[in-house]
Amino acid sequence: MPRMGVLIVDDESPARDRLRRMLADIEAVEVIGEAESGTQAVEMIEREKPDLVLLDIQMPGLDGFEVIEALADPP
C-alpha cells in the first residue's frame with residue numbers, strides 16, 4: 001500500500017515535534033519534510049508535492065493563508 005506523504009509546517013519546533021510523534025505510529029503516513037516558515041513551505045510544497053500539508057496559520061512572514069494564496073497564484 002502506498003504511503004501518504006505529509007509535510008509539517010509550523011514555526012514552533014515543539015509543535016512540529018509533537019505532530020511528528022503523533023504521525024510516527026501511522027503506517028500509511030510518511031513525513032516527507034518539515035518547514036518552519038511560510039516561504040520555506042511554499043518551496044517545499046512545490047518541490048516535494050506532498051499528499052497532505054499540516055499547515056500552521058499564525059506564522060511570521062507568510063502566514064498559512066498567504067502560503068495557500070502563493071500556491072494558487074503561479075509566478
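Assorted remarks:
- Qualifying positions in segment 35-57 - in contact with an Asp or Glu (Cβ under 8 Å, 6 or more places away or on another chain) and either surrounded by fewer than 16 Cβ atoms within 10 Å (Cβ to Cβ) or among the acidic types (Asp, Glu) (or both): 36, 56, 57
- Criterion: touching a strand residue (DSSP E or B) at 6+ places or on another chain (Cβ under 6 Å), charged (D, E, K, R) and in a helix (DSSP H, G or I) - qualifying residue of 21, 16: 16
- Taken across segment 22-34, residues that are at positive phi, touching a Gly at 6+ places or on another chain (Cβ under 7 Å), without any contact (Cβ under 8 Å) to a residue 40 or more places away in the chain and not β-branched (Val, Ile, Thr) do not occur at all.
- Residue that is nearest to residue 17 (Cα to Cα), among those in segment 37-55 that are in a loop (DSSP other than H, G, I, E, B) and out of contact with any strand residue (DSSP E or B) (no Cβ under 6 Å at 6 or more places or on another chain): 37
- Some residue of segment 25-33 being among the charged types (D, E, K, R), assigned to a strand (DSSP E or B) and surrounded by fewer than 18 Cβ atoms within 10 Å (Cβ to Cβ): yes
- Flag for residue 7 being out of contact with any Cys (no Cβ under 6 Å at 6 or more places or on another chain) and touching a residue at least 40 places away in the same chain (Cβ under 8 Å): yes
- Of the residues making up segment 10-21, those that are touching a residue at least 24 places away in the same chain (Cβ under 8 Å) and surrounded by 17 or more Cβ atoms within 10 Å (Cβ to Cβ) are 10, 11, 19.
Just so you know, all these numbers are worked out from the coordinates, no wet-lab data involved. Please read these numbers as outputs of a predicted model, since none were measured by experiment. Methodologically, a virtual Cβ is constructed for each residue, glycine included, from the backbone with ideal geometry; neighbour enumeration extends over all protein chains shown.
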